[in-house]
Amino acid sequence: MTLNTTHNTTDMPKTPSQKNTGVQAPDYIRNLTPYQSGKLISELAREKGLKRIVKLASNENPLGCSPLALKAVQESLNGAYRYVDPGAYELTTALSEYHGRPRKEIICGAGIDSLMSYIIAAFSDVDDEILTGEATFIGVFVNTKKCNRNIVTAPMKDYAYDLQAIVAAITPRTKIIYLANPNNPTGKMIPKVALDEFIEKVPQNILIILDEAYYNYACGDTNYPDGMKYRRENLIVTRTFSKDYGLAGLRVGYAVGPERLIKELYKIKLPFEPAHPAQSAAVAALGDTKFVEQTIQLNKSSMKQLTDGFDKLGLRYIKSHANFLLLILADEEQAADFAEECLNRGLILRHTKAFGAPCGVRINTGTSEDDIFALEVIETVWSLLKR
Ligand SMILES: Cc1ncc(COP(=O)(O)O)c(C=O)c1O
């Protein structure tokens, strides 16, 4: 028997660049910094031994999970020994009915974050450009760099996307434009008229990702556009079960777009995500309109409670269409100190430097008790830091 040695290079002479330096990640991986999420409650408790900790840093649902979703998760666990359906038949069917879009236009994944990495990998090449606003969802920065693509940002205008500046920043290398509506961390909304105009101006060969993670919080405003109603060959809309449905820890989100594009995503999606309990929970949560209504109601009252408190303290914030508010401090140093001093007192907030808003600290809405505690801590911290 003769051995095929085509792939056997052990006898080849070593060039200087092949010196044994151990396994190395390519530069674009080595230059990444690991994602830092909002501080964990358990971590803070361990570090500081605080009696009370309130976390309003990750835009989670203060009501917890939909009870129907919880029940579905428990029931689904009996099937945990089986691999999941890669096409998430039940969930895509439920979403298809809910949005009036064919199943073939829908793909589910382990959250928008996961789907975003697939979209970037599928519709751009190494060194291509992903274009967005300067202050936006951290996930687009992380996923772009992870895929060795270039992130290009256009300046914001009054903490909202400057859509004209984004169009002006398009180059021959631009392959994707990312917009979150409402935007995180600023909470600003793109009105329908502005979005329509923008879509018309973007060349057909550039994919627009319209991220509607906070859709249900914003849709009460008559100027807010519903991405699901747009049928464009270069538009993918993303939504998540992490916020209003209270399933952040289960990791389930979905993308809706032209069948031709969704087909490409199925080629690279990890086949067995979302996990079975996540799929079952999402189907149940989608039907739990009562829970979503309670969530939106609580968000409204908490927004009022927080903004009334901030007005009293003379703290500046951006009017929000989501479930969080961006506080604007004097500069990056004051914002970092503000978040740190709140943390020391058991209130976890998010300094938004990594989101491209270095002077900002983001706080999400909570229960009335959460908000009372948050305002007490903030009053103390603000009295120390106010200049
Ligand atoms: C605009 C936006 N998109 C996506 C996500 C992440 O969603 P998921 O939990 O589905 O990955 C977030 C979470 O904060 C977000 O703010």
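Would you tell me the accessible area of Leu179, worked out with a 1.4 angstrom probe on the heavy atoms of the protein chains, in Å² to the nearest 10?
Surface open to solvent at Leu179 totals about 0 Å².
Treat every Asp and Glu Cβ in the chain as -1 and every Lys and Arg Cβ as +1, leave all other atoms uncharged, and give the resulting dipole magnitude about the Cα centre to the nearest 20 debye.
440 debye
What aspartates and glutamates could a cross-link reach from Lys353, if we take a straight Cα to Cα line under 14 Å and drop same-chain neighbours fewer than 8 places away?
The qualifying aspartates and glutamates are Glu134, Asp331, Glu332, Glu333, Asp337, Glu340.
Leaving ligands, DNA and RNA out of it, work out the accessible area of Glu333 with a 1.4 Å probe and give it in Å² to the nearest 10.
About 120 Å², ignoring ligands and nucleic acids.
Just subtract the alpha-carbon distance of Glu43 and Gln294 from 0.36 nm times their residue separation and send over the number in nm, one decimal.
Here the answer is 87.4 nm.
Give me the percent of accessible area attributable to carbon and sulfur for the chain, probe 1.4 angstrom.
53 percent
Taking 7 Å along the Cα-to-C-beta vector as the label spot, tell me the Tyr28-Asp311 distance in nanometres, rounded to one decimal.
4.9 nm
Would you kindly state how much longer the chain becomes between Glu90 and Lys319 on full extension, computed as 0.36 nm times their sequence separation minus their alpha carbon distance, in nm to one decimal?
Separation in residues times 0.36 nm, less the Cα-Cα distance, equals 78.7 nm.
Can you give the accessible area per residue of region 67-287, in Å², using a 1.4 Å probe?
I get 42 Å² per residue for region 67-287.
Please list, ordered by chain and number, the residues whose modelled amide H lies under 5 Å from the amide H of Ile177; skip anything fewer than 5 residues away on the same chain.
Leu131, Leu207, Ile208, Ile209
When only C-alpha pairs under 8 Å and at least 6 residues apart count, what is the relative contact order of region 67-287, in percent?
30 percent
Going by a ≥ b ≥ c, the root eigenvalues of the Cα gyration tensor, does the chain fall in the rounded group (a/c under 1.5), the prolate group (a/b larger than b/c) or the oblate group?
In terms of gyration-tensor shape, rounded.
Any idea which of Trp382, Phe310, Asn31 is furthest toward the positive side of the dipole for the chain, if Lys and Arg beta-carbons carry +1 and Asp and Glu beta-carbons -1?
Toward the positive end, the furthest listed residue is Asn31.
Between Leu384 and Glu340, how many nm apart are label points set 7 Å from Cα along the C-beta direction?
That separation, rounded to one decimal, is 1.0 nm.
Can you work out the FRET efficiency for the pair Lys71 and Glu332, with r the C-beta to C-beta distance and R0 = 41 Å, to the nearest 0.05?
0.35
Normalised by the number of residues in the chain, what is the relative contact order in percent for Cα pairs under 8 Å and 6+ residues apart?
RCO, the chain: 22 percent.
Which whole-Hz ³J(HN,Hα) couplings does region 192-207 yield from phi under the Karplus relation 6.51 cos²θ - 1.76 cosθ + 1.60, θ = phi - 60°, glycine and proline marked x?
Once θ is set to phi - 60°, the couplings for region 192-207 become 4, 4, 5, 5, 4, 4, 4, 4, 5, 7, 7, x, 4, 8, 9, 7 Hz.
For Ser301 and Asp127, what does the FRET efficiency come to when R0 = 56 Å and r is the distance between their Cβ atoms, rounded to the nearest 0.05?
Rounded to the nearest 0.05, the efficiency is 0.70.
For region 67-287, please report how many Lys pairs fall under 15 Å Cα to Cα, leaving out neighbours fewer than 8 apart on the same chain.
Qualifying lysine pairs in region 67-287: 8.
Between Asp162 and residues 5 or more places away or on another chain, which pairs have amide H atoms under 5 Å apart, with H built 1.01 Å from N, and which residues are they?
Amide H neighbours of Asp162: Lys157.
Please calculate the 1.4 Å probe accessible area of Tyr89, with all protein chains present, and give it to the nearest 10 Å².
In the full protein context, Tyr89 sits at about 120 Å².
For a quick check, take a GNM of the chain with Cα springs below 10 Å and name the residue from Ala80, Ala354, Ala165 with the largest mean-square fluctuation.
Evaluated over the chain, the most mobile residue of the options is Ala80.
Can you tell me the length gained on complete extension of the stretch Gln204 to Ala165, counting 0.36 nm per residue apart and subtracting the Cα distance?
Stretched out fully, the Gln204 to Ala165 stretch lengthens by 12.2 nm.
The values are calculated or read from the model by the stated rules, or taken from the named source; none is laboratory data. Note that this is a predicted model, so its numbers are computed, not measured. Glycine gets a Cβ as well: all are built from the backbone with ideal geometry, and neighbour counts include every protein chain shown. Accessible surface is based on the protein model in full, side chains and every heavy atom, while ligands, DNA and RNA are left aside. Shrake-Rupley method; radii C 1.70, N 1.55, O 1.52, S 1.80 Å.
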